[in-house]
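Data first, discussion second: the structure below is written as structure tokens.
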Amino acid sequence: MTIRLATRHDAGAWLAMRRALWPQASESEHRAEIDGFFAGQVREPLAVLLAEYGAAGVVGLAELSIRPSAEGCTRDRVAYLEGWFVVPEARRRGVGRALVAAAEQWGRDHGCREFASDTQSDNLAGAAAHRALGFIEVGSVRCFRKAIAA
């Protein structure tokens with residue numbers, strides 16, 4: 001298995017995994033964000049790591065950013081796992097663990113001493129995967145939105 005930075009050549013595989021991870025967004029929205037990333041026009045992610053597993057090709061991703069704060073963290077520069085996905089047929093083979101280890105190293109290389117992430121409150125498998133890799137649950141947040149009339 002190889003963990004490496006995404007290139008333009010990986011756009012199709014990255015798009016497929018993003019669509020599986022965040023199905024509520026449209027293909028065109030994902031495509032626009034990917035194109036923006038390669039054009040240097042988006043603030044996040046700052047980096048995208050991909051896991052390549054032999055003949056299977058790209059089987060996982062980690063989208064990374066650096067945040068000025070994160071729930072439960074005490075530093076003002078926190079490496080953040082914005083998105084983490086492994087295709088179902090490659091799960092439980094160390095792919096997710098390898099992506100997170102490489103993401104931690106990326107954070108370290110960028111001056112971060114804390115690493116944070118989040119998952120939906122009903123994503124029990126995601127929460128378990130985070131805990132298995134040493135993340136400590138620090139809270140549960142419900143987010144709300146309200147439009148302001150003109």
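The values are calculated or read from the model by the stated rules, or taken from the named source; none is laboratory data. Everything numeric here is computed off the predicted structure, so don't read it as measured data. So basically every Cβ, Gly included, is an ideal-geometry build from the backbone, and we count neighbours across all protein chains shown. Remember, those area values only see protein heavy atoms, side chains included, never the ligands or the DNA or RNA. Shrake-Rupley method; radii C 1.70, N 1.55, O 1.52, S 1.80 Å.
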Report summary line: Filtering region 23-77 for residues that are in contact with a strand residue (DSSP E or B) (Cβ under 9 Å, 6 or more places away or on another chain) and of a type in the set (S, T, Y) leaves a count of 4
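Residues checked against (1) farther than 22 Å from H30 by Cβ; (2) assigned to a strand (DSSP E or B):
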residue	(1), (2)
A79	yes, yes
A98	yes, no
E104	yes, no
G107	yes, no
C112	yes, no
F115	yes, yes
Q120	no, no
Requested in this report: Select from region 111-133 the residues that are farther than 18 Å from R91 by Cβ and surrounded by fewer than 17 Cβ atoms within 10 Å (Cβ to Cβ) and list them in ascending order.
Outcome: G111, R113, S121, D122
Report task. Would you please name the residue that is farthest from W22 (Cα to Cα), looking only at residues in region 48-100 that are open to solvent by less than 10 Å² (accessible area, probe 1.4 Å), in contact (Cβ under 8 Å) with a residue 40 or more places away in the chain and among the β-branched types (V, I, T)? Result -> V95
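Only one of these is among the small types (G, A, S) and in contact with a Leu (Cβ under 7 Å, 6 or more places away or on another chain): G96, G60. Name it. Don't jump to the end; show me each part of the working.
Numbers: G96 fails: in contact with a Leu (Cβ under 7 Å, 6 or more places away or on another chain).
Result: G60 is the single residue among G96, G60 that is among the small types (G, A, S) and in contact with a Leu (Cβ under 7 Å, 6 or more places away or on another chain).
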Report summary line: Expected output for region 1-30 (first residue closer than 20 Å to L46 by Cα, partner charged (D, E, K, R) and at pLDDT below 95, Cβ below 7 Å, 6+ apart or cross-chain) is none
Report summary line: Of the residues in region 32-47, those that are assigned to a loop (DSSP other than H, G, I, E, B), among the hydrophobic types (A, V, I, L, M, F, W, C) and buried (at least 19 other Cβ atoms within 10 Å of the Cβ) number 0
